[in-house]
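Every number here is computed from the coordinates shown, using simple stated rules; none is lab data. What you are looking at is a predicted structure, and each value in this text was computed from that prediction instead of being measured. When we count neighbours, we look across all protein chains shown, and the Cβ atoms used for this are built from the backbone with ideal geometry, even at glycine.
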Amino acid sequence: MISHYSRVLRRVSRALSLSSAAESTPDDSPEPSTPFECPQLEIRNSRRGFGIVGLLSTLFVVLTAGGTASLILGWLWAFHDPVERGGVLSALRNGSFVIREPSGSEELFLSQTHTETLRILMFSALASHLASLTSAVLVTLLAYRAATQWLRASEDPDNVNLTPIQYGLLVRTLGSGSLTSIINSLRYTSRSRRAKTPRFFREALISGTGIYLLGHTVGMVDLWLHSSARSISVVRAVPIESQPSYGITYDEAKCGSFNKTELPCQNLIAPRLGGTWWAPKTPEIYYESYGTVLGVNPYKRVEYLNDTAILVPGPGKDFKSEGFAFNTYGLRVECENLRDRCDRLPTPLFEIQIPGANPVTNCSKAGYPLIPYYTSGKLLASGRDTRNIESFVIGIIGDEIGGMIHGTADFSSGWTSNPASVVIQLRWPNDTAQRNINTPGVLYVGMVDLYATCNMTYLDVIAQYDPIGGNWGILETKLSQPELASVLWTPMIFQMGTGDLSHAIKPYVIDNGVLALGALGSSMAQYSMGYAAPLVTFTEAFNVTTPQLVTLGVYPTAPTLFLVGCLYIYSLIALVILFLACISNNRIIFVPRHVTREGEKDEERSALDVTQTWLTDPLPFIGAIYSGGDGRHVARSVESDPLRQVYDSKWELGKVGIGLYKGATGEMIFGLMRQNPSRSRRYGRVFTVVDQESMLQERTSIRGSALIVPSPALRGRMDLVAEPA
């Protein structure tokens, strides 16, 4: 306040000096100009090109509307469900965006309930809320376009321009963008008898209505999206940084290298009791083999999948909470009936199809002259069979058969091909059958036998374990090398699993011979891999995962893209209006220094910016009616901030009331009226209203913040107009 008074005193001093100089001027000197002939406000074309207006409002619209749309699209891309491949194209085909809702939980089923926030619905609600704010700001940006056309229309009195009611309606429409203002404007335009509306009035009304509808469209789309979106919970495998030893590979340290000058797995073969035995000095081989076959080995098990028996890690490896892929070995066995291709003992009348009937005599015509294999006894014509036929898994390598006496040592070379070939010879006593000892031609059914040929295909397998369902699966198979096949079939050629195989197949042969071959193939594969389990060791698994309960948000494509499109339309409209406003901002208002706030230098204001204020806020109009008594009404008229365009006195020199007042002709009118208190306080002195009016008439002229004291010679020419209190 003190600095303000100091500036006023300095200006008074300069004015008095000028007055003194004017009084000493000779009579024939030219008369000085009056204060009203000082530089005035003037609209000029800008020499600096186009200026930027409405930048902050545009940035607000772009950041809120366009930023929210980009956030939605970015979220859909960043968190899309990797199982749903194809991205946006897949969503368009399926009709829904499927995304993984972020979760802070890393454990499976931590509680009985699992809740997640659907982020896209949250962003949609945010967009719906911001749409109302954005619409209001966008309508004020639209006022720049209307201001440009209004300035152009005001340059020529012959142009169609706004009437007072049209100006009022336009201020309401562009200032608030509310439904009532739009309805009132539409009601006015629908009148049959009204003044012609300028083009920019109609454009502003149509554009404002469109922005209003666009804002409520966002709200309806948000409601649509909320009503159609849903969430589902699934258990997904989450990769983890771990390489546990769940894979299976050949144990060269235990079995030896693939040295073809020796027997396969020579390290475990040794002589005993005049014969050649399998692992006679390593009983742990037997323990592990029997445990695997019986399903009690905690570290290795046999699973039968897709007609293939594979070795898998046992429950002792503690992998139940992990999913993984691993390398292992598998065996696929395919068996054919050999008995029907062999010679059999005929019956006197007809062939009887019951177990034990028509015993096999020889399989030479099938290519196996040593089958059945026996060392003593014979088959009598009566059907009595005294041959010492035992159950064997007989290996075939080329023209040789072996395994009946010394295992793989029966061959000149124990290395087989892959697939390997075997003949299975099984015999069981039929305790419930009739017995015929001496009568020729009478059926003898004292024994039940089975003869089959089997191909044993050893495979290198890539398998996987699914912890969610606790299931094993085969991903990929390829033929193992023959050397590995030779090693893995060795225990069966040493008759390690013959007794188990005979026990497993007997029910099928006695009760239902049709299913016997299928059971034989699966049992042969499983027992073979079970007895080969000690010959392998563990190696690292890969693609290790852990199960996690995941919430998937399913958002229909149509409302999601519609919402994003509406938000981008907001941003596009704002950018277009900013561009049009900037290229049209070529008019400036010249403000002379004696009108400015500081009073030191001339200033320039954007005519477009000031006009936009007149179109979006009623305060400039109020400021023009109630100009105040401080003499700064000229400076206030070119302010772009509406709060600075209205005089507001703290000394209560004038108030605005509403009610009845007398008109110029004495009639009573309801409306706004100026109210002055009976006594007012100014700078410590008390004046009545009448005294104040006289003081204002006699006081020096004030324009802006400059105090001009005219000389006595000039006072006669000055037409002092006192501002109303």
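Here are some notes:
- The range 190-274, dipole about Cα centre (Lys/Arg Cβ +1, Asp/Glu Cβ -1), debye to the nearest 20: 1320
- A simple count of charges around Ile285, restricted to other residues whose Cβ falls under 15 Å of its Cβ and scoring Lys, Arg +1 and Asp, Glu -1, yields +1.
- Cα shape, the range 460-552, gyration tensor, a/c 1.5 rule: oblate
- Integer Hz, Karplus 6.51/-1.76/1.60 couplings in order for the range 56-63, x for Gly and Pro: 5, 5, 5, 4, 4, 5, 5, 6
- Between the range 449-525 and the range 261-333, the Cα center-to-center distance that results, in Å: 13
- Under 25 Å from the Cα of Lys317 - lysines, other chains or at least 8 residues apart: Lys254, Lys300
- Each 5 Å bin from zero holds the following percent of Cα-Cα pairs in the range 578-673: 2, 12, 17, 18, 17, 12, 9, 6, 5, 2, 0.
- Computed from the alpha carbon positions, the gyration tensor of the range 562-620 leads to an equivalent ellipsoid with semi-axes of 34, 13, 9 Å, biggest first.
- As computed over the range 112-188, the Cα convex hull volume per residue (Å³): 100
- The calculated Kirkwood hydrodynamic radius for the range 448-605 is 24.7 Å, given to one decimal from all distinct C-alpha pairs.
- Packing-based ranking of 197-209, 515-527 yields 515-527, 197-209, ordered from highest to lowest mean Cβ neighbour count within 10 Å.
- For Ala78, neighbours were defined as the other residues whose beta-carbon sits under 11 Å from its Cβ, and their charges (Lys and Arg +1, Asp and Glu -1) total +2.
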